[in-house]
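Taking it in order: structure first as C-alpha coordinates, then the write-up.
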Amino acid sequence: MSRTAIIVHVFYPELWPELRACIRNVSEPHDVFITFSDAASVEAVRRDMPEAKFVPCENRGYDVGPFFKCISKNY
(Lines give C-alpha, C1' and ligand atoms only; values in the text may rest on other atoms or scores of the structure.)
Protein backbone atom coordinates (compact mmCIF):
# COMPACT_ATOMS: atom_id res chain seq x y z
CA MET A 1 0.00 0.00 0.00
CA SER A 2 1.27 3.45 -0.92
CA ARG A 3 1.50 6.40 1.42
CA THR A 4 -0.64 8.51 -0.90
CA ALA A 5 -4.29 7.78 -1.61
CA ILE A 6 -6.22 9.44 -4.38
CA ILE A 7 -9.97 9.26 -3.77
CA VAL A 8 -12.29 10.25 -6.60
CA HIS A 9 -16.07 10.16 -6.37
CA VAL A 10 -17.31 9.51 -9.91
CA PHE A 11 -20.85 10.81 -9.85
CA TYR A 12 -20.69 12.54 -13.23
CA PRO A 13 -19.05 10.06 -15.64
CA GLU A 14 -18.62 12.76 -18.29
CA LEU A 15 -15.96 14.32 -16.03
CA TRP A 16 -13.90 11.11 -15.94
CA PRO A 17 -11.47 12.07 -18.77
CA GLU A 18 -10.46 15.22 -16.89
CA LEU A 19 -10.19 13.37 -13.57
CA ARG A 20 -8.13 10.61 -15.21
CA ALA A 21 -5.70 13.22 -16.60
CA CYS A 22 -5.26 14.72 -13.14
CA ILE A 23 -4.61 11.30 -11.57
CA ARG A 24 -2.05 10.44 -14.24
CA ASN A 25 -0.16 13.66 -13.42
CA VAL A 26 0.67 12.37 -9.94
CA SER A 27 4.24 11.10 -10.15
CA GLU A 28 4.73 9.61 -6.69
CA PRO A 29 3.46 6.09 -5.88
CA HIS A 30 -0.21 6.15 -5.02
CA ASP A 31 -3.33 4.03 -4.62
CA VAL A 32 -6.50 5.09 -6.40
CA PHE A 33 -9.91 4.68 -4.81
CA ILE A 34 -12.93 5.26 -7.00
CA THR A 35 -16.21 5.76 -5.19
CA PHE A 36 -19.43 5.58 -7.16
CA SER A 37 -23.18 5.30 -6.71
CA ASP A 38 -24.08 3.71 -10.06
CA ALA A 39 -22.09 0.70 -11.29
CA ALA A 40 -22.98 1.37 -14.94
CA SER A 41 -21.47 4.85 -14.76
CA VAL A 42 -18.00 3.58 -13.87
CA GLU A 43 -17.46 1.04 -16.66
CA ALA A 44 -15.11 3.41 -18.54
CA VAL A 45 -13.23 4.00 -15.29
CA ARG A 46 -12.77 0.24 -14.77
CA ARG A 47 -11.38 -0.08 -18.31
CA ASP A 48 -8.97 2.85 -17.80
CA MET A 49 -7.82 1.97 -14.26
CA PRO A 50 -8.46 -1.68 -13.47
CA GLU A 51 -5.92 -1.50 -10.63
CA ALA A 52 -8.06 1.03 -8.75
CA LYS A 53 -10.09 -0.02 -5.75
CA PHE A 54 -13.80 0.49 -6.43
CA VAL A 55 -15.97 1.40 -3.47
CA PRO A 56 -19.76 1.69 -3.88
CA CYS A 57 -21.05 4.69 -2.01
CA GLU A 58 -24.35 6.49 -1.93
CA ASN A 59 -24.28 10.06 -3.22
CA ARG A 60 -25.96 12.42 -0.79
CA GLY A 61 -25.05 15.68 -2.49
CA TYR A 62 -22.12 16.79 -0.35
CA ASP A 63 -19.51 14.31 -1.62
CA VAL A 64 -17.79 14.07 1.77
CA GLY A 65 -19.27 10.68 2.68
CA PRO A 66 -17.34 8.76 0.02
CA PHE A 67 -14.02 10.07 1.39
CA PHE A 68 -14.90 9.10 4.94
CA LYS A 69 -16.02 5.66 3.75
CA CYS A 70 -12.63 5.07 2.08
CA ILE A 71 -10.52 6.20 5.00
CA SER A 72 -12.65 4.33 7.55
CA LYS A 73 -12.34 0.97 5.74
CA ASN A 74 -9.26 -1.20 5.67
CA TYR A 75 -8.65 -1.50 1.90
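The values are calculated or read from the model by the stated rules, or taken from the named source; none is laboratory data. The model shown is predicted, which means the values in this text are computed figures rather than measured ones. FYI the Cβ positions are ideal-geometry reconstructions off the backbone, even for glycines, and counts take in every protein chain you see. Side chains are part of the model used for accessible areas, which takes the heavy atoms of the whole protein and leaves out ligands, DNA and RNA. Shrake-Rupley method; radii C 1.70, N 1.55, O 1.52, S 1.80 Å.
Only the Cβ atoms of Lys and Arg (+1) and of Asp and Glu (-1) were treated as charged; on that basis the dipole of region 1-63 about its Cα centre amounts to roughly 140 debye. Evaluating 6.51 cos²θ - 1.76 cosθ + 1.60 at θ = phi - 60° for every residue in region 13-24, the Karplus couplings come out as x, 5, 8, 4, x, 5, 5, 4, 4, 5, 4, 5 Hz, glycine and proline recorded as x. Ordering 15-24, 34-43 by mean Cβ neighbour count within 10 Å, with the highest value first, yields 34-43, 15-24.
For the chain, carbon and sulfur atoms together expose 53% of the accessible surface, with a 1.4 angstrom probe and every protein chain in place. Here volume of the Cα convex hull per residue in Å³ was calculated from the structure, and among (1) 111; (2) 88; (3) 71 it sits at label (2).
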